[in-house]
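So the structure is just underneath, and the comments pick up after that.
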Amino acid sequence: MNGATLPDESVVRDALATVIDPEAGMSLVDLGLVYRVELDATGVTVDMTMTTPTCPVADMLVAQAREAIAAVAPPRPMGVRLVWDPIWNPSMMTGVAKDHFGWS
């Protein structure tokens, strides 16, 4: 590693907020799909989920999440893990997403 400063969690979450789920038209963050962002001397690890385990764009969204993190945390190692616990539900969305879908 080259000693570059590791960004804080808010910077990584802001980067992930640029990744839009094409089916929902909302960001991963607003949809509540980002469960955990961990930053330490070894790099960045993100746990995220999908709205359903059969999501047809899961691979694309994970790849875009990796690209977004790499843009703010180069050249750190990173991991983006798909997790299914807890199971996603609409209560995990931000107020912006709930308003968008009329669920507030």
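Structure above, values below:
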{"item": "Max mean-square fluctuation residue, GNM over the chain, Cα-Cα springs under 10 Å, options Thr42, Thr54, Thr94", "result": "Thr54"}
{"item": "Electrostatic dipole magnitude of the chain [Cβ: Lys, Arg +1; Asp, Glu -1; Cα centre; debye, to 20]", "result": "80"}
{"item": "Förster radius 22 Å - calculated FRET efficiency between Thr18 and His100, Cβ distance, rounded to 0.05", "result": "0.85"}
{"item": "Virtual spin-label span in nm between Asp85 and Thr5, 7 Å along Cα→Cβ", "result": "3.8"}
{"item": "For the chain: relative contact order, % (alpha-carbon pairs under 8 angstrom, 6 or more apart)", "result": "32"}
{"item": "Helix axis angle, 58-72 relative to the chain longest principal axis, alpha carbon, degrees", "result": "40"}
{"item": "Rounded, prolate or oblate (a/c below 1.5 giving rounded, otherwise prolate when a/b exceeds b/c) for the range 33-94 by Cα gyration tensor", "result": "prolate"}
{"item": "Overall Cα dimensions of the chain - principal axes, largest extent first, Å", "result": "46, 25, 22"}
{"item": "GNM result for the chain, Cα springs below 10 Å: residue of Ala65, Ala41, Ala73 fluctuating most strongly", "result": "Ala41"}
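Where a number appears in this text, it was derived from the coordinates with a stated rule and is not lab data. Just so we're clear, the structure is a prediction, and the values are computed from it rather than from any experiment. Positions of Cβ are backbone-derived with ideal geometry, glycine not excepted, and every protein chain shown enters the neighbour counts.
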